[in-house]
Each structure stands twice: as C-alpha cells, then as structure tokens.
Amino acid sequence: MIALVFLPVLGGIICLVLKDRKSVSSIVAIVTAIASGSVLPFVIFEDASIILGKWGVLGIGLAIDELTTPFLLSTFIVMLAIILNSINKSYDGFFYALILILYGTLNSIFLSRDLFNIFVTVELASIISFILISYEKKPRQAWASLKYLLLSSLGLNFYLLGIGIVYMETGSFAMESLEKASTIASVLIFGGLAVKSGLFFFSMWLPDAHSNAPTEVSPILSGLIVKLDVYLSIRFITYSSFSWMRDTYIFIGILSAIIGVIFAVNSKNAKRVLAYHTISQVGFMLVNCDKSSAWHGFSHAVFKTLLFLAVGNISARLGTKDYSKWSGKISTVEYTFLLIGSLAISGFPMTSGCVTKEVIIHGACCPSLRILLLIASVGTAMSFSKFIFLKPVKTTTWPAANVVAAYVILSGVIITHGIIGFEIYMFESLLAVVAGIAAYLILRRFLKPLPIYLERIDSALSSYLILFLITIGLAILFSS
C-alpha cells in the first residue's frame, strides 16, 4: 500500500535530478507509472489498513476499501495516458517530476484516514496544480492559476480550522473522530473542501483553469483534482456529523448538473465545453454520494481525459479552440476517439459513462430528482452533438504512436467497462442521447456564449464566501 505513494514520489525525484535529459525523464515517468499501477492488483481486492508511527491516536492511518479503489484506478490510468501523450513535446524533467509527485500525493489522499495528513497532502496537490496550470508561462494561464491558488488557499484555511475544532473536541485527527464532531466543524470542513470540488458557485475558478491549462494538465484538473472533494464527501457523509448535509449535497449537486450543462451548451470554446461539463458531472456524483458516485468518478476521469487530450491536441494543431472551425480539418482517427469520448460522457449504451450514470439516476431518492438528472443527461448529449457532427477529412494521416497509445488505453477502458456493466435499462440512455441530439439540431442556431461574470475573481470570491456564510447559518440553525 505504501508503494502506491512511495514509487511515484521516488520516480519524481529521479526525474528532478535528470531534469535536463528530457528523453530519459519521459522513460522514467512511464516506467514509474506502470510500476505503480502494477501494485494495484495486489491491494484493491481486499480491505486493508495500517498505522504509520507509534503515536497512538496521533498515528497516520492508511486504508483501502471499496470506495478507495475507483479513485486509485482512475489516477493510474489518467497519469499513464497523459505521460504517453506528453512524449516528444517540449516538457523537461521538472514537468515529469511534478506529475509523478502529484501522482503519489493523490494516492496518499485517497488512502489517508487522518484529517491533518489530508490537509497537508491536499495543500501540496494545490501547489503542484498551481505550477502546472501556468507551466507554459502564458498570461491567461498565470491569471487562471493565481485565481485557483487564492480560492484554494482560502478554502483550505477553513478546512484547517474545522479539523482543529475536531481535534479540540475529540483529541484525535483520525477520520473516525468525525463521528463525534460538532456541526460547526463539519461545515468548516465541507466549505473548505468545496472550493476544490467543481461544484457550481463554490468552484468558479474551474472554467478558466481547465480551459487555459496545457493539454496534459487539463485532464489532471478535471479527472483527478476535483475528485478530491468528491471522494472526501462520499467518505465523510457516512459519519453522523455530516449526515444532516445529505439534502444540501443533493440540492447543490443537481443545481451543478443542470447549470453546468446550460453553460456548456452555449459555449463555442471546445475546452470550456469540457470544463463546464466537469461542473455538471461532479453534480451527478454528489447527488447520491455513495459507491455509485465513486465509480462515476472513475468513468468521468477516463472519458474526460480522452476528451481533453483529443481536444487539446486538435486545438494545438489547428491553432484554435473554436470547434466550429474544426469541421473538415480533423483526421478520421482524431474524430473517432473524439466521438468515443463524446458518446461516453453523453451516456451512450455500451460505454462506461452509461453504466455509472444510469446507476446514479436509478438510485435517485425521488422521481422528481430522477427527472432532473435525465434532463441534465439530455443536455449533455446536446452539448457533445457539437463534436459528433464535426466532419472529418478523408486522410490516412495518423497522430504519433504515443498519442494513439494513450487514446487506445482510455477508449479500451471506456468500452470494456461499458460491456461488463451492461444493463437492460440502457435503452433509456439511448433515448436520452437521441433526445439531446434532436434538441441540438433544433436549437443550435439560437446558442450563444453566456456571460462569465461569476468567473471573475472578485465575483468568484464573493459568491464562495456568501455561500459559505449561508452554510454556517444553516449549521447554527440545525445545531440549536
């Protein structure tokens, strides 16, 4: 279990030492990713836990169970794919060092059962993400990364205050201490992590950061970083101090699922379409906040990585993120993998997106919630009809072998998971996809980009603080 953290960090240190030898660093990164992934079959099939240190209740607990497994798998697949896609580009050893250290850090968060250890590792992940977003040193990237760092630092301070109260009340940072924590502590912890969650209002740094980050960084942000709060929310909701927030999760989740779709449908920037759908898909995950959410987090990480890599590579080659200018200019191979990713996120039968999304929809707590989720699904299909109806150029040109390898790995996971998880009610998913495509064909002339007022740093900061104060008020009301 410790190897899942130790091996990537060790590989990162080696890449840092060899930072001027780009070809060697990329090989070290691939070998490290594969070596770390090879450990997974030995640990994911049984529950296990260990305590690091001989400090009693202050020891750092690590454990793996059925909620941890989907996130560990997704981290391995995403990191392997982006490392493959990055070969032959201008990245040096420092880039691969950041990627691998982040890989180990994310594994540490998913394995940790210690609230303070989670704070330290989430802070480290935030710093690395900040550097990666602005790695190419473009002005838009620098501004997007600063917005992310400011909001993230503010949120983590609230989280630190929350776990401090937990320690004051229970004398322990162990996650089990949340069973006896006060309502105020749970609100501070939730509000502190929500800024990284991808939820509407709480994480309005997201569209800028995801759409302006380098091609290999966007999948990390969308597929992995925003999953930190999803994972911790699923974990924390099992404790009594968080159980009162279940209805809040449902409300914020369904709001995010629908609002994210509305912004995506109206966007002409391909990467912003994907960024807004991160908000929407995270909303799906928090509606149920259980094992089904964890597996949808896995599916989302895989198909969103495929989409971000395909869109990023096409944008870089054609020099534009405006998808309307791609028609007749993308190759058949590029279109094929873009189509697979689009169908997966739309919930097309026999794809991983359909398998996990349908479980969430059918597990909704009431019929009205299920209807709202179906509407969001139709909107998702409507959004990705933009890519589905692109016209590829008839050419035998193939992308580089390493890029195709990344695409094939991700597509293979999407299709294999879709076949293994096949259920009879997938016919409903087909209807939702068809309805979304029909809605796009009817309404596409009326679609225009919406104002991005809420994404401005002052607006994002204000909306986050207002929502946080509202949540504090609800906590006081419930505790009185």
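The values are calculated or read from the model by the stated rules, or taken from the named source; none is laboratory data. Note that the structure is a prediction, hence the values are computed from the model and not measured. Here Cβ is always computed from backbone atoms with ideal geometry, including for glycine, and neighbour counts include all displayed protein chains. Areas reflect the complete protein model, heavy atoms only, side chains present, ligands, DNA and RNA absent. Shrake-Rupley method; radii C 1.70, N 1.55, O 1.52, S 1.80 Å.
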Among the residues that make up the range 356-373, is at least one of them among the hydroxyl-bearing types (S, T, Y) and surrounded by 24 or more Cβ atoms within 10 Å (Cβ to Cβ)? yes
Only one of L73, L98, L150 is buried (at least 21 other Cβ atoms within 10 Å of the Cβ), in contact (Cβ under 8 Å) with a residue 40 or more places away in the chain, of a type in the set (A, V, I, L, M) and assigned to a helix (DSSP H, G or I); which? L98
Criterion: in contact (Cβ under 8 Å) with a residue 60 or more places away in the chain, at positive phi and open to solvent by less than 10 Å² (accessible area, probe 1.4 Å) - qualifying residue of G171, G198: G198
Can you name the residue in the range 301-322 that is over 15 Å from S86 (Cβ atoms) and polar (S, T, N, Q) and is also most open to solvent (accessible area, probe 1.4 Å) among such residues? T320
Looking at (1) on the phi < 0 side of the Ramachandran plot; (2) out of contact with any helix residue (DSSP H, G or I) (no Cβ under 8 Å at 6 or more places or on another chain), find the lone condition where Q141 falls short. (2)
Here are some conditions: (1) open to solvent by 10 Å² or more (accessible area, probe 1.4 Å); (2) more than 27 Å from D229 (Cβ to Cβ); (3) touching a helix residue (DSSP H, G or I) at 6+ places or on another chain (Cβ under 8 Å); (4) in contact (Cβ under 8 Å) with a residue 24 or more places away in the chain. S327 meets all but one. Which one does it not meet? (3)
Pairs under 6 Å by beta carbon, first residue over 13 Å from H300 (Cα atoms) in the range 348-369, partner open to solvent by less than 60 Å² (accessible area, probe 1.4 Å) and among the β-branched types (V, I, T), six or more apart or different chains? F348/V433
Residue count for the range 18-27, restricted to those that are surrounded by fewer than 23 Cβ atoms within 10 Å (Cβ to Cβ) and closer than 17 Å to I82 by Cβ: 2
Just one of the numbered conditions (1) in a helix (DSSP H, G or I); (2) among the hydroxyl-bearing types (S, T, Y); (3) surrounded by 19 or more Cβ atoms within 10 Å (Cβ to Cβ) is not true of Y91; which one? (1)
The lone condition I2 fails out of (1) of a type in the set (V, I, T); (2) in contact (Cβ under 8 Å) with a residue 12 or more places away in the chain; (3) out of contact with any helix residue (DSSP H, G or I) (no Cβ under 7 Å at 6 or more places or on another chain); (4) over 28 Å from F116 (Cβ atoms) is (4)
May I ask you to verify whether S327 is of a type in the set (S, T, N, Q) and under 15 Å from H296 (Cα atoms)? no
Any idea which of (1) open to solvent by 70 Å² or more (accessible area, probe 1.4 Å); (2) among the β-branched types (V, I, T); (3) under 25 Å from P219 (Cβ atoms); (4) assigned to a helix (DSSP H, G or I) is the one T397 doesn't satisfy? (4)
